[in-house]
Amino acid sequence: MDTPAGYLHWGFILISIPNLLVIGLMIVLFVIALFVPLPGEKE
Amino acid sequence: MRPTNASGPLGERSSSWTARAREEIAERLPMENLLPDRQPYYVGSWVYVFGVVTIAALVLTVLSGVILAIAGPDWWHISAAGRFFNSLHFWSVQVFFVFMVLHLWGQYFMASWRGGRAVTWMVGVVIFAISIAAAFTGYLSQQNFASQWIAVSAKDALNASGLGAFFNVLNFGQMYGIHVLLLPAAIIVLVALHIVWVRMKGVVRPIESSQRATRSTSEKV
């Protein structure tokens, strides 16, 4: 926790690995929300 | 008093502004819209859950923030319970931002500003902007080395923009007051308005369903 985060660098893009992981998890969660049905009755 | 178009219980126009306001509210936001027990079939998706998770995180953020404000910085940095509530405040903000952005993505791809819902969309954008300012002042209010480092790093940018004269990030009292009162009050009021507008206009139809409805109407004509 006390050590600085690792960074990924491609050209002008510079992002820390924790931030990249959070964005990746958010995209995964969004896609899951699109395809997984919500439980409960439907009319 | 001026005559109005609002009608009373017997259909006559009311001369009282309170009666007119009551009738206006009842017409625009009836109780069955404000507290609905049924929703259209397309609301049965996890995408519609993102907004309510954001509100739940906001409630947790506010409650943990109230406890932190009552007990003070020496408590939240030193005692075990204080550290717990400090962490709870921090992580509920992370959940708030993650789900607010997921809610934004969902509403963006559904073009949720359709059907007279532009005000709801714009209020949401303003809530997002104020939340960023609230998070920033929160980082400045931690009372540790991190908050000092953030303040010293941020002051040059704010001074260069001219905002530094009014918004001094090195002034803990100013940042703390803005963080615990002004910005949360603005967010809570705007979130309440956001929800009321959603209830007034109803949840937006998915684009496909909306096009089908338009097509079937034009076929009938």
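General observations
- Boolean, A:Leu38 is more than 12 Å from chain B (Cβ to nearest Cβ) and either of a type in the set (A, V, I, L, M, F, W, C) or surrounded by 10 or more Cβ atoms within 10 Å (Cβ to Cβ) (or both): no
- Residue match in region A:4-16 (condition: without any contact (Cβ under 8 Å) to a residue 40 or more places away in the chain, touching a strand residue (DSSP E or B) at 6+ places or on another chain (Cβ under 8 Å) and part of a helix (DSSP H, G or I)): no
- Qualifying residues in region B:32-66 (those that are assigned to a helix (DSSP H, G or I) and touching a Lys or Arg at 6+ places or on another chain (Cβ under 7 Å)) - the one farthest from B:Gly124 (Cα to Cα): B:Tyr41
- Extreme residue, nearest to the other protein chains (Cβ to nearest Cβ), among residues of region A:1-27 that are surrounded by fewer than 10 Cβ atoms within 10 Å (Cβ to Cβ) and among the β-branched types (Val, Ile, Thr): A:Thr3
- Residue pairs meeting the criteria (Cβ under 8 Å; at least 6 apart or on separate chains; first touching a residue at least 12 places away in the same chain (Cβ under 8 Å), in region B:46-66; second outside any helix (DSSP H, G or I) and buried (at least 18 other Cβ atoms within 10 Å of the Cβ)): B:Val47/B:Met110
- B:Val93 away from every other protein chain (no Cβ under 14 Å), in contact (Cβ under 8 Å) with a residue 40 or more places away in the chain and more than 30 Å from B:Tyr42 (Cβ to Cβ): no
Okay, residues lined up against (1) surrounded by 14 or more Cβ atoms within 10 Å (Cβ to Cβ); (2) within 14 Å of chain A (Cβ to nearest Cβ); (3) hydrophobic (A, V, I, L, M, F, W, C):
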site	(1), (2), (3)
B:Ala26	no, no, yes
B:Arg38	no, yes, no
B:Gly44	yes, yes, no
B:Ile67	yes, no, yes
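- Entirely in region B:118-218, the helices (runs of 4 or more DSSP H) that have 3 or more residues that are of a type outside the set (A, V, I, L, M), free of Cβ contacts under 8 Å to residues at least 24 places away in the same chain and under 20 Å from B:Val101 (Cβ atoms): B:118-140
- On inspection, B:Ser16 fails the criterion of being without any contact (Cβ under 8 Å) to a residue 60 or more places away in the chain, hydroxyl-bearing (Ser, Thr, Tyr) and under 30 Å from A:Leu25 (Cβ atoms).
FYI, it's all coordinate maths here, none of it is from the lab. This is a predicted model, so every value here is computed, not measured. As a convention, Cβ positions derive from the backbone with ideal geometry for all residues, glycine included, and neighbour counts pool all protein chains shown.
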